[in-house]
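Reading through the C-alpha cells given below for one structure.
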Amino acid sequence: EDFERLLAWAKERPRPITLRLIKGAYWDYETVMAGQRGWPVPVFEDKAETDATFEVIARRMLENEAHVHCAFGTHNIRSIAACIAQAEDLGLTPKHYEFQMLYGMAEPIKRALIEMGYRVRDYCPIGQTLPGMSYLVRRLLENTSNEGFLRSAFAEGVDADVLLRDPNEIKPDRKLPAVKLPFANEPHTDFSIAANRDRMRAALEQVRPRLGGRVPLLIGGKEVWAESEIASLNPARPSEIVGRVTCATRADADRAVEQALEAFPKWSRADAEARARKLERAAELLRRDRFQLAALEVFETGKNWIESDADVAEAIDFCQFYAQEMRRIARREYIVPGETSLQHYVARGVAVIIAPWNFPLAILCGMSAAALAAGNCVIMKPAEQSAVCGSRLAQIFHEAGIPPGAVQFLPGKGEDVGAHLVAHPQVAVIAFTGSREVGLKIYETAGRTVAGQAQLKKVICEMGGKNAAIVDADADLDEAVPEIVYSAFGYQGQKCSALSRLILLESNYERVLERVIEATRSLQAGSPEKPGTAIGPVIDAEARQRILRYIEIGKDEGKLVFQGEPRDGEGYFVPATIFADVRPEARIAQEEIFGPVLAVIRGRDLDEAMAIANGTQYGLTAGFFSRSPANIARAAAELEAGNVYINRSITGALVARHPFGGFKMSGGGTKAGGRDYLQNFLFPRVVTENRLRRGFADLPSAKPGNGPGE
C-alpha cells in the first residue's frame, strides 16, 4: 500500500523519483515495543514473508521504471537474483536499476556483480563517530542474525539450494513466543491507524453538543441540586462551559457520610468475588465509552488525544487490577494439628477520595476502585476543574451495580467540603493526590482525634515532586533526548511525575542542551482537539499566572535559552520554556511549578550530579540515561525516588508494571497500582479456632494455597 501510494504520486511528477527498497531494519525494536504496548506486531514474524514481499515490490518498481529509479538494498543472493530475473523478464538492461550494499560487507557478492556488468553503489555513513558506529553495529547485528543470509552463507555454509529457495514455498515456522504476564494492561490506542483517528474525531463531535449541562451531586443514589454551582471551563477555550457542577455544602457532606455508613455493613461483608466482578463490569463500561470519555477529557482538562486515551486506559487497568488483587489476598489459612488460623481482611469504613484534575479519570478511579474492592464505601470528591469527568465515573460505577450508598459523588470547594470531610469523625480513610501544601494539612487534621471518632484515620497521600533526570557522559542521545522532552513537556508538564530538573555533566552539557532545545522547538502547540498537538493549555487562569510568575523568577535565576511562540487569543496557554545554567538551590530548581518549565543544571561529574538530583525535599520520580552498567547500577541504588527510570521516560507509569508513589515530601511511601496498595484500605484480622473435641481433631484437609507461604 505504501509503495502504490508513492507510485501514484510519482506518476504525477514530470521526472522520476529514486526509490530504495530494503528489508525491515528495526525488526527487534518493533516486535518488542508491540509486545510492551499490547499492540499487534506490525511487521512480518517470519523472514520468508519479508523476502517474498521484497520480490513482489521489486517487480512493481521495475514495471514502473519510467517513473521510478530502482535501487535495491540487499546482500541476499536470492533477492538479488530475483531482481535480475524479473528485470530480464521485463526487457530491462542493468542500466535501468542498481544494487546498494554496505561498505566492507559482502565483498565477494559485490565483486561478482560488478564483473557481471551490474551497477553497485557502495555506501557508508559519514558524520560523527558515535552515531556512525551505532549504525554500523546495528547493520552488523542484522546481517549476522540467526536468519540473516550472510551468516547462513558465509559462517554456517548452508547449502546453496536452501539459500536460493523461493520464499513463497517456505512454510513459516517462526512466531513470536507468547509472553504470559501477571497482569495484562489495557493497550493504549494506536492513533497511527486511520480508523482510530476517525473514532476519536467522531467522539469529539458527539460530545461537544452535550457540553454545558448541569451536573448534580449523587448522595445515596439520588441526584441533589443546588443554586451554588461551579462552572467547569474548556482551558483551550474558556468561553466554552463544559458543565455547570453543583457545589456541595457541609450539610451535603454530612448526609453523604450517613448514607455511606448505612451502606457499609452490607457492602463490606459482601463476598470479595462479588465486589471484584462489579469492578470488572466497571472496566467493561469504561472500555465501551472509551473514546467519548477521552473526548470529554480533551474538552475539560486540555489533554491531547494520546494523553486522554492513556488516562482512560489506566482507569480500566485500576478496576481490573484491584479486582484481581482482592481475590488474591481475600483469605489465608494456617493449619496445624488441632488448630486453624484464618487471616483475612476487613474494610476500614468510609473512605473520602480527594482527586486532582490532571488525571481526571485514572487517579479518581484508582483510589476509588481500591477502596471499593476492599469493601469500603467511598465519597468521591473530584477537583473542581475536572468534576464533569468525575460525574461520568460515578455514573459508570452505579451502572456496574455498585450500591448507591457505596459510591457517592460530592464535588465542591476543597477548602470547604473537602476539609470538612477530612475532619469528620466517622471518616476512616482519606486518599488524596495533590499539592504538598494540602497534603500536609490533611495529615495534620487526620492526626487529631475528635469526639465521636471510633478509630485512627488512615491517610494515603501523594503530594507531587521536583523530579530530576541525569544524562551520563556516554548516554545514547538519540534515545535520551525524545524521552527527556516528553517527560518535561508531556501534558504541559502538569504531571506529578514530570521532569523539571535536567542535570547534565560538564563533558556533555552543551551538546545535550542544544539537542533538547531543538527537539522542544519541534513540538506543535495548539488546540488539544487536533491530533498533532503536543503542547496544549494549562488547566486554568490561576495556574497560568503562577507558571508565568515562575518564568519571570527563572529569568533572574538562570539563562532563558528557549521559549515557544506565545499564542494570542483565547486559552490558558503557556509556552514550553527552558532555562540553562540554573543553580541547584534556585527556586525554579527546588519548588514545584507544575507547568512546562525545565531547569537545566550543570554537574561537574557523576558524584555531583547524584547529589543535585537528591538535593530536594521531594522523592517521587527520577531518571538516568547511560550505557555504563556500573553507573546504571549506581543510579538504581542511590537515586532517592519512589520510581527510578533508566533509559526511558520518567512519566507514564503503568498499573502493576510500575507501581507508583514516592517518599520524602512526595508521599507516605504507598504504591498505587502495586500489590500492597489494597492493604492501605483494610484491617488484617485473624480468627483462630481450637478444633480439638474430646481428644478428636477434626482436621480439614490442606489445600494448595493455604500454607503459610501463600
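The values are calculated or read from the model by the stated rules, or taken from the named source; none is laboratory data. Note that the coordinates shown come from a computational prediction; the quantities given were computed from them, not determined experimentally. Positions of Cβ are generated from backbone atoms using ideal geometry, with glycine treated the same way; all protein chains shown enter the neighbour counts. The area values use the complete protein model at the heavy-atom level, side chains included, leaving out ligands, DNA and RNA. Shrake-Rupley method; radii C 1.70, N 1.55, O 1.52, S 1.80 Å.
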Alpha-carbon centroids, the stretch 9-42 and the stretch 256-309: separation in whole Å: 39 Å
In nm, to one decimal, how far is the GLN545 label point from the ARG197 one, both placed 7 Å along Cα→Cβ? 4.0 nm
Where nothing but the Cβ of Lys and Arg (+1) and of Asp and Glu (-1) is charged, how large is the charge dipole of the chain around its Cα centre, in debye to the nearest 20? 1700 debye
Let me cross-check MET326: its accessible surface, 1.4 Å probe, with only protein heavy atoms counted, in Å² to the nearest 10? 10 Å²
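Quick check for you: with a 1.4 Å probe and neighbouring chains kept, what is the accessible area per residue of the stretch 299-401, in Å²?
Working: 2280 Å² over 103 residues.
Per residue, the stretch 299-401 has 22 Å² of solvent-accessible surface.
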I'd like the accessible area for TYR123: 1.4 Å probe, protein heavy atoms, all chains in place, Å² to the nearest 10. 60 Å²
THR189, THR93, ranked by accessible area, largest first (probe 1.4 Å): THR93, THR189
State in Å² the accessible area per residue of the stretch 404-523; use a 1.4 Å probe, count heavy atoms of protein chains only, and round to the nearest integer. 36 Å²
Separation in nanometres of the label points that stand 7 Å from Cα toward Cβ, at ASP28 and ARG288: 4.5 nm
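Counting only protein heavy atoms and using a 1.4 Å probe, what share of the accessible area of the chain belongs to carbon plus sulfur, as a whole percent? The partial results should precede the final answer.
Details: 17300 of 32990 Å².
Exposed carbon and sulfur together represent 52 percent of the surface.
Ranked highest first by average number of other Cβ atoms within 10 Å, how do 636-643, 670-677, 539-546 line up?
Working: 636-643: 18.2, 670-677: 20.0, 539-546: 16.6.
By packing density, highest mean first, the sequence is 670-677, 636-643, 539-546.
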By accessible area with a 1.4 Å probe, ligands and nucleic acids excluded, highest first: order of LEU279, LEU164, LEU233: LEU164, LEU233, LEU279
Computed over the Cα atoms, what is the radius of gyration of the stretch 46-93 divided by 2.2 N^0.38 Å, N being its residue count? 1.10
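Given only helices, namely DSSP H runs of n ≥ 4 each adding -39500 (n - 2.57), what is the per-residue ellipticity at 222 nm of the chain, to the nearest 500 deg cm²/dmol?
Values: 21 runs with 269 residues, N = 710.
Mean residue ellipticity, 222 nm, calculated: -12000 deg cm²/dmol.
Based on the Cβ-Cβ distance of LEU342 and SER628, what FRET efficiency does E = 1/(1 + (r/R0)^6) give at R0 = 41 Å, to the nearest 0.05?
On the way: r = 51 Å, r/R0 = 1.24.
Computed FRET efficiency for LEU342 and SER628 comes out at 0.20.
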For the stretch 224-356: span of alpha carbons on each principal axis (Å, largest first): 73, 39, 21
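Top to bottom by accessible area (1.4 Å), largest first, where do ILE632, ILE460 land? Can you show the working numbers first?
Values: ILE632 45, ILE460 5 Å².
So the residues, ranked largest to smallest area, are ILE632, ILE460.
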Count the net charge of all other residues whose Cβ sits under 15 Å from the Cβ of SER522, scoring Lys and Arg as +1 and Asp and Glu as -1. -3
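Can you give the net charge of the other residues whose Cβ lies under 15 Å from the Cβ of ASN467, counting K and R as +1 and D and E as -1?
That sum, taken over residues with Cβ under 15 Å, equals +1.
Report the gain in length on full extension from LYS171 to LYS413: 0.36 nm times residue separation, minus Cα-Cα distance, nm rounded to one decimal.
Numbers: separation 242, 0.36 × 242 = 87.12 nm, distance 6.58 nm.
Contour length minus Cα-Cα distance gives 80.5 nm.
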Starting from the Cα of LEU211, step 7 Å along the direction of its Cβ; do the same at GLN453; then give the gap between the two resulting points in nm. 4.3 nm
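Assuming 0.36 nm per residue, please report the length gained on full extension of the stretch GLU585 to GLU280 beyond their Cα-Cα distance. Don't skip to the answer; put the middle values down first.
Details: separation 305, 0.36 × 305 = 109.80 nm, distance 4.72 nm.
105.1 nm is the gain from fully extending GLU585 to GLU280.
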Hits among aspartates and glutamates - C-alpha to C-alpha of LYS413 under 14 Å, sequence gap 8 or more where chains match: GLU229, ASP252, GLU384
With a 1.4 Å probe and every protein chain left in place, work out the accessible area per residue of the stretch 1-115 in Å², rounded to a whole number. 55 Å²
Students often get this wrong, so try it: which of [x] 38.3; [y] 39.8; [z] 44.2 is mean projected area of the Cα convex hull in nm² as calculated from the structure shown? [y]
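Kirkwood hydrodynamic radius (Cα pairs, Å) of the stretch 80-127? Intermediate results must be reported in sequence, preceding the final value.
Working: mean 1/r = 0.0863 Å⁻¹.
Roughly 11.6 Å, rounded to one decimal.
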